[in-house]
Amino acid sequence: MTDQTITSVSREKRVFGPSAEFQRQANLGSMAAYKRLYRESVNSPEKFWDRQAKDLLVWRKPYTDVLKWKAPHAKWFGGGTLNVAENCIDRHLGTERENKAALIFEGEPGDVRTITYRQLYFEVSRLANVFTDLGVGKGDRVAIYMPMVPEAVFAMLACARVGAIHTVVFGGFSAESLKDRIIDCGAKLVITADGGWRRGKVFPLKPTVDEAVAKAKCVEHVLVHQRCGNEVPMRAKRDIWWHEATAEVANTHKAKAFTSEHPLFILYTSGSTGKPKGVLHTSAGYLLGSKLSSKYVFDLKENDRYFCTADIGWITGHSYVVYGLLSNGATVFMYEGAPNQPGPDRFWDMIDRHGVTIFYTAPTAIRAFMKWGDEHVKKHSLKSLRLLGSVGEPINPEAWMWYHKNIGKKKCPIVDTWWQTETGSIMITPLPGVTECKPGSATFPFFGVQPKVVDDLGHEVPLGSAGKLIIAQPWPSMLRTLWGDDKRFKETYFSDFPGIYFTGDGARRDEDGYFWIVGRIDDVLNISGHRLGTAEVESALVAHPKVAEAAAVGRPDDLKGQSLVVFVTVKSGIEVSDELKAELRNHVGKEIGAIAKPDEVRFAAALPKTRSGKIMRRILKQIAAGQLVKGDTTTLEDFSVVAALQAED
Ligand code: WT7
């Protein structure tokens, strides 16, 4: 985001409250009720969470403690046992939900499948039995590299059922990235598909898995779901067809109970240094956080049809496609492919055909819809919609207003939900039946969340001033550690303010107490709502034989929020050319994945550095944005470097 948009965001004065009609039917319908519950949740967190845990979760063995907090390590619901998959499936059986749709799936080619809770039980049970036959059980790691198809959800739930720890890797990541993640967590099973449909074509996945697994000795088996029927080589003994393996096993399975803090999943996310971090979430607290927030933030009702456009490879897909929704017994609509296939109205067409009532997407998608033109929206009624959501980056007021008017027809509340992979569930958000929203503000904290905007010493800054966003108290769905690296966990999140969680985001509260998220203040970019570490891109670039040095920065972008610009110096004797630019873009794509391909590659004779040799990213950011270099340059080693870079514009 540019400074200009940030200012325009925080000057936004329009306020949009829920209609009386929405408010009347809402799960929480008054500010007074929110305030009362919120106050209790932060003043007596153990009492609040004890009640929620008893109301919302099915326990095998009751817990004895609500919280044990020895910063930075939290233990929630100690002494208790439960099964997360049982909470998402079995608990709905034998109720009127048994034959309710858990998932409605539409593939990109138009194929539709409805899976009831009862069918979900059979599918997940079969897979859990296959896991047991393969010797995959409690504590084992399973990597899931799948298209957005119901089998991806079955795979996650089957892991939870047997106590295996899943790590879902987004299908757009490269073989190299997949391999790194498999090795880091020591996965013994990889679940994939032959391919998925994307923009009218088969996007093959199995060959990427083969490439990754060739270098990952820990993998014993690869289980392959047949989605597209494209030809895939199968390696004897190691590779197994999903449909063959599941055909031979029972379709019932008794889930075992695991302790509250039993690891549920690892999800890798980018940080400001080094390799991606394996964020670890555990069972009871995570499930409770995602369930409670789904119920109130999305105002879930028995007849809702909920559509979240996120891929399950991201935390949004984990919490708000799978765990939070299925534990509430909701009907989740799931779509496999691109938003503009066959035309730019695909989402609106599906919303009408399937009667979607709640729609959750990202600002970058909203800006793309705006660009594609209102006429595509107008072809459809969208009359089933009653609630809209946004996640992934700050939403600019223009996009908020467009969403409100064109998709929400001025009657649907919009929940702008701020949270992170690490937080597990929504942290700052409007409640749709309660909050008077200001476009661009995530508004107020959810239950149990105590965000504060502080200066470098940890003192709260006055209303209106920007500072660092911290969360003062532990909450049930918080990450527990980084897989295999507790030291990095402490350093990354709990060392700026000892013992207190630092989000990495900057924020400001306005005079009415509303939270406005400014964005990352570390070396992490937010490109189309996806997190990317500059260090990762740089290390991919310097791994190329022709590259001497590289620096990656973000540039404000109308569509993606930020785009990726890299400055590269080449080794002596290497000719720079447009071909080399293309080669480097593809190289990064191959090292990390298509989402990390630089939007622009710029060659430089030298990079601006401090006298101690640190690359001055701030200056490169200004150059990338086409601005004149401002601010303190006294530590700069050689100003002619900047002059040369600017002269190239
Ligand atoms: C970062 C977390 C958790 C959902 C998807 C992204 C930014 C996320 C918002 C929002 C302003 C937001 C923050 C945060 N972010 N939602 N509503 N308003 N900023 O998950 O990859 O872990 O990224 O996304 O900068 O730190 P993630």
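The values are calculated or read from the model by the stated rules, or taken from the named source; none is laboratory data. Just so it is clear, the structure is predicted and the values come from calculations on it, not from any experiment. A quick note on method: Cβ atoms are made from the backbone with ideal geometry, for glycine too, and the neighbour counts reach across all protein chains shown. Only protein heavy atoms, including side chains, enter the accessible area calculation; ligands, DNA and RNA are left aside. Shrake-Rupley method; radii C 1.70, N 1.55, O 1.52, S 1.80 Å.
Yes or no, residue by residue, for (1) out of contact with any Pro (no Cβ under 7 Å at 6 or more places or on another chain); (2) of a type outside the set (A, V, I, L, M):
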position: Ile407; (1), (2): yes, no
position: Trp418; (1), (2): yes, yes
position: Gly424; (1), (2): yes, yes
position: Gly433; (1), (2): no, yes
position: Asp455; (1), (2): yes, yes
position: Ala466; (1), (2): yes, no
position: Pro476; (1), (2): yes, yes
position: Leu479; (1), (2): yes, no
position: Lys490; (1), (2): no, yes
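Among residues belonging to segment 304-319 that are open to solvent by less than 20 Å² (accessible area, probe 1.4 Å) and more than 15 Å from the ligand (Cβ to nearest atom), point out the one that is nearest to Arg531 (Cα to Cα). So the residue we want is Phe307.
Those residues that are open to solvent by less than 30 Å² (accessible area, probe 1.4 Å), within 13 Å of the ligand (Cβ to nearest atom) and not in a loop (DSSP other than H, G, I, E, B), I need them from segment 494-521; list them, please. Matches in segment 494-521: Tyr501, Phe502, Thr503, Gly504, Asp505, Gly506, Ala507, Phe515, Trp516, Ile517, Gly519.
Taken over segment 447-459, the criterion of being in a loop (DSSP other than H, G, I, E, B) and open to solvent by less than 10 Å² (accessible area, probe 1.4 Å) is satisfied by Phe447, Gly448, Val449.
The set of residues from segment 116-133 being basic (Lys, Arg) and buried (at least 20 other Cβ atoms within 10 Å of the Cβ) comprises just one member, Arg126. Selection of segment 526-542 for residues being among the small types (Gly, Ala, Ser) and either open to solvent by 10 Å² or more (accessible area, probe 1.4 Å) or out of contact with any Ser or Thr (no Cβ under 9 Å at 6 or more places or on another chain) (or both) yields Ser528, Gly529, Ala535, Ser539, Ala540. When Lys301 is tested against (1) under 19 Å from Arg386 (Cα atoms); (2) open to solvent by 10 Å² or more (accessible area, probe 1.4 Å); (3) within 16 Å of the ligand (Cβ to nearest atom), just one condition goes unmet, and that condition is (3). Of the helices (runs of 4 or more DSSP H) that lie entirely inside segment 1-98, those containing 3 or more residues that are open to solvent by 40 Å² or more (accessible area, probe 1.4 Å) and at pLDDT 95 or above span 20-25, 31-43, 45-56. All but one of (1) at positive phi; (2) within 12 Å of the ligand (Cβ to nearest atom); (3) not polar (S, T, N, Q) hold for Val524, so report the exception by its number. All conditions pass for Val524, except number (1).
Residues in segment 440-459 that are within 13 Å of the ligand (Cβ to nearest atom) and farther than 20 Å from Ser319 by Cβ: Gly440, Ser441. Taking first residues from segment 633-645 that are open to solvent by 40 Å² or more (accessible area, probe 1.4 Å) and partners that are in a loop (DSSP other than H, G, I, E, B), the Cβ contacts under 7 Å between residues at least 6 apart in sequence or on separate chains come to Thr635/Arg611; Glu637/Arg611; Phe639/Thr633; Ala644/Ala605.
For Val136, are the conditions met, namely being of a type in the set (Val, Ile, Thr), outside any strand (DSSP E or B) and crowded, with 23+ Cβ neighbours inside 10 Å? Yes.
Each residue in segment 245-279 was checked for being more than 14 Å from the ligand (Cβ to nearest atom), modelled with pLDDT of 95 or more and open to solvent by 10 Å² or more (accessible area, probe 1.4 Å), and 16 of them qualify.
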